[in-house]
Amino acid sequence: RDTGYIVKQVTRREKDALMHILPAYKQHVQARGGASLLRYLSCHSMRLRWPWAGKVYFVVMRNFFPAKPQLSFDLKGATANRRALKAWQLHQTNTVSNIYNTLRDWEWMDIGMATDLEPADRDELWSIISADTALLRRLSLLDYSLLLGIYRPPPTMLPQQKHAQLAELVRQSG
């Protein structure tokens, strides 16, 4: 199973905005030696075959998740319309991991999520996010989010095994 790509439908307006910023985006990614979480690979359109259907636009992006995460979050740093589940669903057995694919800001706060990163990894990630958001800010793009995947090793796993598992996930993600 290839998990290297994410395909996302976009509106014509979003497609036009992406094409408009393409030169600045390309320069940003090249200047950072590819160190960017913004990884658009291509933009496409296709006409649907049924009557009255128009064109559908979609982008193909790099998927940084080497394997399906146990939990994934689409975080915008806002709470308006940022709930994927009803509050009671969040605490039901299997609801989160088996029924709903991507959670949002409210679920992140409801669960009390936190990240556990090594200081060097945290600093590198912060540098990448800061540079990416500076680009988006410079281009006056306000609607963006961070797709975050959570992998939880079993509590019985030894520290050396956890580090080995994490190293393998990093290797797989490229």
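The values are calculated or read from the model by the stated rules, or taken from the named source; none is laboratory data. Small disclaimer: the values here were computed from a predicted structure and weren't measured. Positions of Cβ are backbone-derived with ideal geometry, glycine not excepted, and every protein chain shown enters the neighbour counts. The protein model used for the area step is the full one, side chains on, heavy atoms only, and it has no ligands, DNA or RNA in it. Shrake-Rupley method; radii C 1.70, N 1.55, O 1.52, S 1.80 Å.
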**Asked** Given the alpha-carbon gyration tensor of the range 22-64, what are the semi-axes of its equivalent ellipsoid in whole angstrom, ordered largest first, with each equal to the square root of 5 times an eigenvalue?
**Response** 31, 11, 5
**Asked** For a label point 7 angstrom out from the Cα of Gln27 toward its Cβ, which stretches of the range 112-141 have the backbone nitrogen within less than 12 Å?
**Response** 139
**Request:** Sum up the lysine pairs in the chain that clear both bars: alpha-carbon distance under 27 Å and a spacing of 8 or more or different chains.
**Result:** 14
**P(r), alpha carbons of the chain - 5 Å bins starting at zero, rounded %** = 1, 7, 12, 17, 19, 17, 14, 8, 4, 2, 1, 0
**Message:** Using protein chains only and a probe of 1.4 angstrom, how many square angstrom of Thr156 are accessible, to the nearest 10?
**Reply:** 120 Å²
**Prompt:** Using a basic spin-label model with each label point 7 Å from the Cα along Cα→Cβ, how many nm lie between Cys43 and Lys76?
**Reply:** 2.1 nm
**Request:** Report, to the nearest 10°, how far helix 159-173 tilts away from the longest principal axis of the Cα atoms in the chain, using its own Cα long axis and a range of 0 to 90°.
**Result:** 10 degrees
**Message:** Could you check the spin-label model distance between Leu166 and Leu141? Points 7 Å from the Cα along Cα→Cβ, value in nm.
**Reply:** 3.0 nm
**Request:** Measure out, as a whole number of angstrom, how far apart the alpha-carbon centroids of the range 28-65 and the range 109-136 sit.
**Result:** 24 Å
**Message:** On the Cα set of the range 97-174, report Rg and Dmax in Å, please.
**Reply:** 15.6, 47
